[in-house]
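Notes to accompany the following structure.
Since every read-out is calculated from the coordinates, none of them should be taken as a lab result. Bear in mind the structure is a predicted one, so any value in this text is a computation, not a measurement.
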Amino acid sequence: MSDRLTRVSSPAAIDDDLAALWRDAARDAPIARALMANLVVYRDCPAADEVDLSAPLEGVPIDEVIERHPSRLIRLHHGGRADPGAPVGATISVLLFDTAGARFGVEEIAVRSSCADASLPSIVRRLALGDIPTSIWWTEDLSRSTPLEALVTMGRQLLYDSRRWADLRRGFLALAALAAHPHGPDLADLNWRRLTPLRQALAHAVVAIGAPLDALDPRALGLRVRHGRNERALAWLLAGWFSARLGWTANDEWPVTIEEQPDGEAILTVSLGAGAITATMTAQHVLVDYNGRVAPFSMAVPHESEAEAVAAELRSLTYDSGLRDALAALAARLTSSGSL
């Protein structure tokens, strides 16, 4: 980002103040107004807390995302109360970028709300622009701050990262309920995205030995997953994916062992069929070994920053049936067993 123009505004004057900022931004040279979507970034903020709306969000690469996927950015700092109401404060900005000689700007609107959750859709509709998709980026720990149904069901997409979760059971159940909602958004989990190379490698691996994944016998599979430190959510997402692909029901015996393996560079190590196939994912590659039966193979793991991954998900806007099926399988398992 090359520059940022910011001013304190009021909820009623946002549009007029943005027009003035754009005039200031174009005073020295022409600037293009870039716009591909509405992006609502949600932050929990208790109603009694003071908020500096001009300060960047710590640990959230918003500017890097917006440079890659220009959107009208709506930062929503919300702390719920029982009564409905309008935003109580606003700060507006125009973020200026100069990339490869192309000078463009993106609007950012930061608002403070301390009202009933049911008021949020009207707040966002007032600020969002029509005829372009709206995505909700839930930057909080979703297992502790459950997505507000009134807000997320008005968006086309809900973006989150299960790697941040402190309580996997609560997080998986909350997402499964949202996935089943008749007006639920498309789900985009950055952690599920990280799992893509391993899922692709495993699907190819079982075909290579003449056993398509959907045809495997769960009872003979003997799935064992070992995960690195802080990668437990990734291991359970993989187990949910297997469960959905193989049609395990909640009443079936759960033929999966999940354990931590904190040492070494491996993120996940998966063994199938008592070690007949072993796949190991690191930050660089996925290596699949067939225990001498077939020549091993490897796949590269793309390196993505968080900003690159978020921007890619915002561009794709796809219905991910694999993720939804995995969440449904995990929810069924949690409902029947009560724990992970």
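With both residues required to sit in the stretch 3-132, DSSP beta bridges show an antiparallel share near 55%. Binning all Cα-Cα separations of the stretch 253-294 at 10 Å, short to long from zero, yields these whole-percent fractions: 25, 51, 23, 1.
Largest GNM mean-square fluctuation across Asp17, Asp63, Asp52, computed for the chain with C-alpha springs under 10 Å, falls on Asp52. Report the far tail of the P(r) of the chain, meaning the percent of Cα-Cα pairs longer than 30 Å. Percent of Cα pairs beyond 30 Å in the chain: 43. What does DSSP give for the chain in terms of the percent of beta bridges that are antiparallel, rounded to the nearest 5? Once the DSSP bridges in the chain are tallied, antiparallel ones form about 50 percent. Over the chain, dividing the summed -39,500 (n - 2.57) contributions of all DSSP H runs of at least 4 residues by the number of residues returns a 222 nm mean residue ellipticity of -9500 deg cm²/dmol.
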